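Have a look at the structure below, then the notes.
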There are 2 protein chains.
Amino acid sequence: MVSCPLFCYNRYMPKIVDHEKRKKQIAEATWTIIVKKGIEGATVRAIAAEAGVSLGSLRHYFSSQEELLLYAMDLVKERVSIRINRLLQSEDSPEQISIRILLELIPYDAESQTEMSVWFHFVMNSLPHAREEEDGIREGIERIMTGLFEGGLLKKEVDVNLEIERLYALVDGLALHVMLHPKRLSKEKIKKVIVHHMNTLFHQPVEEANI
Amino acid sequence: MVSCPLFCYNRYMPKIVDHEKRKKQIAEATWTIIVKKGIEGATVRAIAAEAGVSLGSLRHYFSSQEELLLYAMDLVKERVSIRINRLLQSEDSPEQISIRILLELIPYDAESQTEMSVWFHFVMNSLPHAREEEDGIREGIERIMTGLFEGGLLKKEVDVNLEIERLYALVDGLALHVMLHPKRLSKEKIKKVIVHHMNTLFHQPVEEANI
DNA sequence: TTTTAAATGATACAGTTGTATTATTTAAAA
DNA sequence: TTTTAAATAATACAACTGTATCATTTAAAA
């Protein structure tokens with residue numbers, strides 16, 4: 001057992017807190033503030049107070065506000081990516097799985113609603129030119145549709161590229177509406193819409209109860 | 001010819017500029033700033049500079065920033081409402097007209113893209129509790145679908161309420177995607193998607209060329 | 001012309017912002 | 001314990017914010 005491992009560049013290691021964990025904690029406080037007050041309310045002081053750290057402490061982890069906001073947004077992307085990829089790795093039967101994945105893309109729990117709200121704020125303000133970036137949703141939908149088509153599960157006459165665009169718009173539109181009016185649009189209604197939409201494409205329709 | 005009409009409550013009328021026109025000019029400058037820099041960049045000084053008026057002059061028309069922002073948003077609503085109502089009053093044949101109306105809801109010209117971008121900014125920041133308000137789009141789509149159904153132009157098996165929700169999400173999703181990636185999503189692609197979508201509902205499909 | 005009040009411009013001020021500086025506290029290693 | 005540097009806290013500062021005040025300019029009516 002050596003006294004100082006490779007990544008320990010100093011002989012003395014005083015007061016070590018998990019650097020990444022602290023940064024993530026501050027980033028999540030940033031989300032909370034953004035959801036509550038919007039980007040304009042996401043001041044370093046408000047974030048520090050929400051995270052329960054002092055201004056100097058926050059500044060110790062993020063040397064500028066822009067760096068903090070970029071980190072907070074990248075963390076959203078990371079979380080969403082993980083969620084999507086986990087779903088795509090699922091190994092169930094194609095039709096039901098595809099619908100379940102689509103339903104998971106709609107932000108229903110508080111956590112994913114926060115993520116989506118923050119994401120929208122960033123995209124709208126195009127802070128780090130997020131407008132140009134991809135959010136991964138389109139790629140996921142593309143994979144789903146292509147997979148279904150290549151598996152021969154879609155009606156032969158469907159135009160895959162067209163249906164990708166249509167489904168992508170439908171999912172983002174539903175997600176947007178849920179975010180803006182969560183009470184008006186119930187989870188059951190969303191489910192009905194998506195199941196019905198996919199059933200118009202499937203060669204062999206699935207029962208809504210089987211989802 | 002009386003020397004002082006009814007709406008002239010003072011005997012003297014010095015330097016009259018069109019009050020409403022000036023307010024709208026300033027409100028439009030507000031839009032420009034919001035599109036360029038987001039709500040956070042919509043400071044009274046930036047708006048005054050964009051409108052080409054002094055700070056004191058701006059304040060002469062709007063006694064607070066909040067009043068200005070509310071006015072700017074109400075003006076967006078007014079403009080959008082006028083656009084939608086004008087479309088709904090059209091008296092052509094049902095199927096093509098409905099598709100043309102839907103296509104008009106997608107912001108393609110710079111003007112309507114500005115309006116939509118500003119609208120989104122306001123809605124996201126829920127400044128005047130805009131989240132709860134209706135934007136008129138849903139009502140318009142509801143009228144379109146109901147009209148088509150009652151005219152017997154839709155397939156008998158369609159669930160109207162379900163299709164309203166589906167079409168509403170599709171249109172808003174397309175609008176969102178156009179706003180975020182105007183280059184990726186061409187007007188022709190939008191047209192194809194909407195025509196195809198409506199043709200799955202129409203008893204008698206329409207040719208894309210006839211739109 | 002003179003008179004009038006709307007319209008405008010200039011400046012000021014208190015509060016908040018991001019950031020910088022500096023000192024203090026904390027805990028891990030010797 | 002002592003030593004060390006990371007972690008934290010306190011304070012300061014210049015820039016910018018919304019708003020207020022007040023003098024000036026403008027053009028319509030007399």
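With both labels modelled 7 Å from their Cα along Cα-to-Cβ, the A:ALA110 to A:ASN210 distance reads 3.6 nm. With just the Cα atoms defining each centre, how far is segment A:154-186 from segment B:158-180? Give it in Å. First find each Cα centre; the distance between them is then 7 Å. Across segment B:44-50, coupling constants 3J(HN,Hα) worked out from phi with the 6.51/-1.76/1.60 Karplus curve, θ = phi - 60°, read 4, 5, 4, 5, 4, 5, 4 Hz, and Gly and Pro carry x.
Using just its DSSP H runs of length 4 or more, each adding -39500 (n - 2.57), chain A gives a mean residue ellipticity at 222 nm of -21000 deg cm²/dmol after division by all residues.
Per residue, the average separation of C-alpha pairs within less than 8 Å and at least 6 apart gives chain A a relative contact order of 20 percent.
When A:HIS181 is represented by a point 7 angstrom out along its Cα-to-C-beta vector, the spacings to that point in the other copies are 2.7 nm, nearest first.
B:TYR71 exposes around 40 Å² of accessible area when a 1.4 Å probe is run over every protein chain in place.
Residues whose amide H lies under 5 Å from that of B:LEU154, counting only those 5 or more places away or on a different chain, are B:HIS203; hydrogens are built 1.01 Å from N in the peptide plane. If Lys and Arg each add +1 and Asp and Glu each add -1, what is the summed charge of the other residues whose beta carbon sits under 14 Å from the beta carbon of B:GLU40? Counting the neighbours of B:GLU40, the net charge comes to +2.
Neighbours of B:PRO205 by Cβ distance under 14 Å: Lys/Arg scored +1, Asp/Glu scored -1, total -2. With the whole protein complex present, A:THR43 retains an accessible surface near 60 Å², based on a 1.4 Å probe. For B:ASP109, the shell of other residues with beta-carbons less than 14 Å away shows a net charge of 0, using +1 for Lys and Arg and -1 for Asp and Glu. With the label put 7 angstrom out from Cα along the Cα-to-Cβ vector, B:ALA209 ends up 4.8 nm from the copy partners, going from closest to farthest.
Taking a straight Cα-Cα cut-off under 22 Å and skipping sequence neighbours fewer than 8 places away in the same chain, the lysines within cross-link reach of A:LYS183 are A:LYS36, A:LYS37, A:LYS191, A:LYS192.
Interface of B with A. Using a 1.4 Å probe and counting protein heavy atoms only, the two chains hide about 3500 Å² of accessible surface, both sides summed. Accessible surface comparison of A:LYS183, A:LYS156, probe 1.4 Å, protein chains only, largest first: the order is A:LYS183, A:LYS156.
Per residue, the convex hull around the alpha carbon atoms of segment B:73-210 comes to 105 Å³.
Within the assembled protein chains, the solvent-accessible surface assigned to B:LYS189 is about 70 Å², based on a 1.4 Å probe.
The accessible surface of the protein assembly as shown, taken with every protein chain in place and a 1.4 Å probe, is 51 percent carbon and sulfur.
What shape does segment B:148-211 have by the C-alpha gyration tensor, where a ≥ b ≥ c are the square roots of the eigenvalues, rounded means a/c under 1.5, and otherwise prolate means a/b greater than b/c and oblate the rest? Taking the square roots of the gyration eigenvalues as a ≥ b ≥ c, segment B:148-211 is oblate. For the protein assembly as shown, the alpha-carbon radius of gyration amounts to 1.17 times the rule-of-thumb value 2.2 N^0.38 Å expected for a compact globular protein.
The values are calculated or read from the model by the stated rules, or taken from the named source; none is laboratory data. Just so it is clear, the model here is predicted, and its values are computed rather than measured. Using ideal geometry, Cβ is built from the backbone for each residue, glycine included, and neighbour counts are taken over all protein chains shown. Keep in mind that these areas ignore ligands, DNA and RNA; they rest on the heavy atoms of the full protein, side chains included. Shrake-Rupley method; radii C 1.70, N 1.55, O 1.52, S 1.80 Å.
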